[in-house]
Every structure is written in structure tokens, then in C-alpha cells.
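Trainee: Okay, handing you the structure first.
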Amino acid sequence: MLFQRVSKGVVTIASGSWTKVTCKCCFTDAVRPLLVIELNKDVQLETKEWIISKIEAPANKQGAQLLAHPGEDDDGDMILVAAPSCTLLRNAEALGLSKAYRDGTMLAFSYPDRANFKNADNVEELLTLAEQQYISKKELDDLKAGTNESIPGCSKDKGSLYPGELIFQKLEKSGIVKTMYPLHDKEKLSAFSKQWYSQFNFGVQPLDYIHSYFGGTVAFYFSFLGFYTLSLLLPAVLGAVLYFLPWNSLNGQVLLAIFNVVWSTVVLELWKRRSAELAYGWGTLLLNSTFEEPRPNYRGTMGHNPVTRRWEPYFPSAERKKRIWFVSTPVVCAFLWLTVMGMVAYFYLEWCAKDYYSREPSWLAMPLLYLPSVLHILYVDFMNHVYKTVAHMLTEWENHRVESDFQKHYTLKVLVFSFINCFAVLFYIAFYKQDLELLRKRLASLLIVSQIINQVTEALVPYLQERFLPSQGTKQREADPHIDKLRAQGCQPEYPGLFAEYIELFVQFGYLSLFSCVYPLTAALLFLNNVTEIRTDALKICKLFRKPFVAPAANIGIWQTAFEALGFVSVISNCWLILISPQVTGYCQENGVSFRYALLCTIALEHVLIILKVVIAFVIPDLPKWVRIKVAQLEFRSRQALKTVA
């Protein structure tokens, strides 16, 4: 039998069923597989056996020192992978993960000193499921070919390996490995998932469970989403008061503009403190930086890496810069031009609609007044989707060596385009046409229509697809009740990641911080959207997509900088909106105040607000006092340990 037992959704395999036990002291009677490798159905048996041997081999023989099981059949297309405790613990030290010491403090894990850490004898308690799966995947990704090594059972072109080549990158490029995915633990998932996405517990998310099961990057996203949503309550209440109660419109607009600037700064500074608290509790505050290996799609002429002395592809940085400046940049500019043309078409259609309605006023013609806005919102959403695909292709073609550089250039491209695509019309209305009433209507349309589109595309469509259009794996399970449940998980679509989710929050934050002083209900609408967004995003990752591999994380990364940059732009936007308000322009005309003088006063206010932002950021420490003390204690103990070793 392949499976020894299935208890509450947890599949284990008898340790004697694994083809080899790398470290016998690490195992009990049953071993739980952490991930599945699916092979091409045409793969030869000798190729599969070679892959298993590389997975099981110890580090001194250039192996991954993991456990491998051939699946249902020795010549089948599946390999199950588990990890011995020693491999997991050594990698936990290499990553710089902090774990609870015997005195209760969080300390960077040390394999030689493992006996003094809590639960060190039980890796299931010491390391989260997400950490175990990430470490196992990392070990496979780091597998390198030795000298005069090739993949057996393959042609020379397909199976040749140069010394130091990453084996699993080669296997994926050659089509030998179809996919690799971590396995669900149904018992752990059901312990928190239903409460998370089914019940309405405002502001309450099982963050520790999310971190343990899905990993740091996912946990930080949902933590930030919940924190940001909760912080919307104050501007939502203030905006509703200013919108529905009698109030001097200029005073209300000035109050809301200044409030937006202060609010955005305070929220982002408080989030830094909150993320530091979470990172300390999750043991990721002081993660080690690791040397990055080349990306799977990195191409170039073969040569010796001057750092590692390994034989690997080399691509000149000068050639990459040429591709960026002479191809990628013009293509990005072309898409920005299409965005501007879409904006021009929107204003032309709006003029046509108003002209027609003025000549043929009727209730049947009234919807035409809103048609240009709806069409342009759909156009903006379409351009966002198309551009993301093009930006990914361009960044891939630029041929960045490591994943961090790839993500940095891709994120920059999408952020620049998203900023122009989503905010260009609003800036045009505010800065050029100076029509606050039109700006108010346009912002309301964007908030309502775009959020409906997001809810339909992100939640309803995947849910209906899962409910009424089952995947091939689901159909097989219905036809054959004995089908391998592990294989069925691989039939689910791959999780698309969190990039689109962060872009959505970035655009939301822009609407609120840049323009909400002219439409006070902005925060309230965003709050209502995000309350459901938390649940729909949770449903997607728990039910509708394959479980992702997620690396440990200490914060939300580059997105913190992106939100802070919007905060500074919001100072300029809000000050300008005050300057062009009818009350200010009317006051200037009645009292003979020149526009130049009013502009100078606005610039002075802008400088005051920027100084206020800087002062607030300086006054609020990035780390809470107790976290600073814990970090100082950790660094002191690390220095003492080094002295002892010396």
C-alpha cells in the first residue's frame, strides 16, 4: 500500500515505504509527504530513478538530503518528497529564522545548540508547515550538477548538464518535470479556514494560523489588508459627517485634505511598528540575506562566475541596459500614450453625450451621460490586464540574472503604468480642467464600477468555475473513488500570487489620499469593499487555487515604499485641490487677491505639510520599544556566543 493511513485529511506513508532513509534517527513510523513532483508521462524509469537518487543523496554527494517516494508505481509520473528533521533544522539556521529559546525569548536558531530550543525534538512544532515546504523546495532548487554528469534516459541535447547547473531548472526547461506543488494538510486548513472566509468577524483574522500554514508573504498581505481596512474607519466616519451634515464646504475640504496627509503618514508609520511586532513573533525579523542563484529563464553564453567560480550562463549588463532603454522604455511609453489617447476619447465622448442630451433631453437619453465614464473605466481595466502581460514579457526578455532584480523591474513598470492609467484622468480634471464637480462624479464612478468589476473577476468567476466547471482532476475523482487525492491537488489552477492584490490596494490608497477631499465618501466605499475583499481573497487561497510555496518574510517589502511615495504626492494634490476650490477662487476675486499670491500661499502650505509628514515619521519609531529591547538582547547574545566560540 502506498498510503499507511489517512486521518482527518492528513496522508502519511510508512517510513519503510520510502526508497531510502537519509537519516534514520529523524523518523517515526510514518512520514508525511510535503510536496509532489509531477513528471512528464513519457519520462523513462531510469530518469525517474536518477531524480530520486539526487533528491536522497547527502550534501557531500551534491544531493538534496531529502526523502523521495516513487508514488503509486515505480514507473509512474509522480514523486512524493518529504524532509528529515536534520535537513529542516540546518536550513532553518541558514535562513536566520528565530525560534523560542528555553527561557521563552526568540533567538536565531542554531543547529549545534538545538537542544536548548523549545520543541527542537519535534520539528512539526518547531517549524511551520509553510517553512518545511519552502525549505524542501529550496533544497530541490539548489541541486547542482557535478562534473561529467547528465540526465539518463534523455537525448544528448535534452539531458546534458554543465558542472554547477541547477538540476531542477534543467528538468523544467526540458519538460521532464511538469510541475511541483506543496500539499495541503486538510486537518490544519479546516481548523481556521471556514471561520476566516465564511464568518463575519470584523477586524479578526487568524494571522498566526495563516502564517503557519501559508507562509510569511501571504500572512503579511492579509495582515496589512486587515490593518488598512480597520484604519479606514476614521476617515470613513469623518467623510460621512462632512458629506451628510451641513458644513462649510471649503472648511470641510481643507479639514479633509489636511487630515488625509496626516492620516496616511500615521497609518504607514504605525504599520511599520505592527509589521515589526508580527515579524518578531513569527521569527523573521532578522532574516539572513542569501546568495541568489540564476533564474530558470536566465540565458547567456557559458562562462565562469567570478564569485562562485561555477560554470553558468553570462549575459552582459550593458546589453541588458540597451534592452531596457531602447526597447522596454519605448514600449512602456507607447502604452502610456495609449492611456492618454483613451483619456482624450473619454472626454470627446463625454462632450458628445452632453451635446446630444442638451438637444434631445429625455429620461431615455440620460444614461448616455454616464456611458463615457463606464466605457473608460472598462478600457482602463482592460489596459491594466494587457499591460501586465506585456510588462512581464519585456522584463523576461531583459534577461535579469536573479529573481529579486526581475521582480524589482517588473514592479516598477507596473507601478508607473498603474499610476498613470488609473489617475491620469483625475489629474487632468483637477489640474487642467479644474472642474471639481466633474472630479467628484468621476471618482464616484471609479469607486463603484471598478470595485464591482474586481469582485466579479476575483471572486465570483473562480467560484462559479470551481462549482460548475470542475477541473479534470475533480472529474477523475468522481469517476474513480480510489484516485490518488494527492494528484488531484495538482489539477487546481496555480495561485496567481499577491502582485495584483497589492496593485489594487495601491490604487485604492491613491484614490483616498490624492482626491478624497472632494468626495468624502471615498473611505466609506473602500471600507465596505475591503471587508468583503478579505473574505474573497481568503476563499481563493483556501479553496480555489493550488497551495503556493511561500518564502519567509519580514515585511511587505517594496510596497511600503510605494505607499509612502503616494503619501508625498498626496500633499501636492490636496493643496492644489484647495487652491482651485470655488470658495478660494471666489474669495480671491472678491478681495482682489492675485492668483500668484494664492499660489505662493498654497506652496507654503505644501511645505508645511511635508515638514509635518517628516516630523510625524521621525517621532513615531519604526520598532516598538519592547521589540527594540528584544532585538538588542538578541544581538548581545549573538556577540557573546561568538566570543565563546572564539
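Trainee: Can you list residues whose amide H is under 5 Å from Leu39's amide H, if they're 5+ apart or on another chain and H is modeled 1.01 Å from N?
Mentor: Result for Leu39 returns Met78, Ile79, Lys178.
Trainee: Turning to a different aspect of this structure: So if I restrict to the alpha-carbon atoms in region 276-325, what is the Rg, and what is Dmax, the biggest pairwise distance, in Å?
Mentor: Reported Rg and Dmax, both Å: 17.0, 46.
Trainee: Equivalent ellipsoid semi-axes for region 305-447, as square roots of 5 times the alpha carbon gyration tensor eigenvalues: give them largest first, rounded to whole Å.
Mentor: The equivalent ellipsoid of region 305-447 has semi-axes of 44, 12, 12 Å.
Trainee: Another question, then. For region 96-205, which chymotrypsin sites (Phe, Trp or Tyr not before Pro) pass both filters: DSSP loop (anything but H, G, I, E, B) and at most 13 other C-beta atoms within 10 Å?
Mentor: In loop regions of region 96-205 (DSSP not H, G, I, E or B), the sparsely surrounded chymotrypsin sites (Phe, Trp or Tyr not before Pro) are Phe200, Phe202.
Trainee: Starting from the Cα coordinates of region 66-172, work out the convex hull volume and express it per residue in Å³.
Mentor: 121 Å³
Trainee: Could you work out the Rg to Rh ratio of the chain, with Rh taken as the Kirkwood radius (inverse of the mean 1/r over all Cα pairs)?
Mentor: 1.01
Trainee: What do you get when you divide the Cα radius of gyration of region 142-289 by 2.2 N^0.38 Å, with N the number of residues?
Mentor: So the Cα radius of gyration is 1.73 times the expected 2.2 N^0.38 Å.
Trainee: Counting only heavy atoms of the protein chains, get the accessible area per residue of the chain (1.4 Å probe) and round it to a whole Å² value.
Mentor: Dividing the accessible area of the chain by its residue count gives 49 Å².
Trainee: Mind pulling the angle between the C-alpha long axis of helix 403-427 and the longest principal axis of the chain? Nearest 10 degrees, somewhere in 0 to 90.
Mentor: Here the helix axis deviates by roughly 20 degrees.
Trainee: Can you tell me what the convex hull of the Cα atoms of region 65-109 projects to on average, as an area in nm²?
Mentor: Orientation-averaged projected area of the Cα hull: 4.3 nm².
Trainee: While we're looking at this one, here's another question. What area, in nm² and to one decimal, does the C-alpha convex hull of region 368-438 cast on average over all directions?
Mentor: Mean orientational projected area (region 368-438, Cα hull): 5.7 nm².
Trainee: Going by alpha carbons, how many degrees (0 to 90, nearest 10) lie between the helix axis of 625-645 and the longest principal axis of the chain?
Mentor: 30 degrees
Trainee: Under a cut-off of 20 Å between alpha-carbon atoms, report the aspartates and glutamates in cross-link reach of Lys194, not counting same-chain residues fewer than 8 places apart.
Mentor: Result set, ordered by chain and number: Asp185, Asp208, Glu458, Glu466, Glu533, Asp537.
Trainee: Something else: Please work out the C-alpha center-to-center distance from region 585-646 to region 211-278 and express it in whole Å.
Mentor: The distance from the Cα centre of region 585-646 to that of region 211-278 comes to 17 Å.
Trainee: Of all accessible surface on the chain at a 1.4 Å probe, what whole percent is carbon and sulfur?
Mentor: Answer for the chain is 61 percent, counting heavy atoms of protein chains only.
Trainee: So if each residue of separation counts as 0.36 nm, and I subtract the Cα-Cα distance between Lys322 and Cys86, what length gain in nm does that give?
Mentor: 80.3 nm
The values are calculated or read from the model by the stated rules, or taken from the named source; none is laboratory data. These figures come from a predicted structure and were not determined experimentally. Every residue, glycine as well, gets a Cβ built from its backbone with ideal geometry; the counts of neighbours run over all protein chains shown. These accessible areas exclude ligands, DNA and RNA; they are computed on the full protein's heavy atoms, side chains included. Shrake-Rupley method; radii C 1.70, N 1.55, O 1.52, S 1.80 Å.
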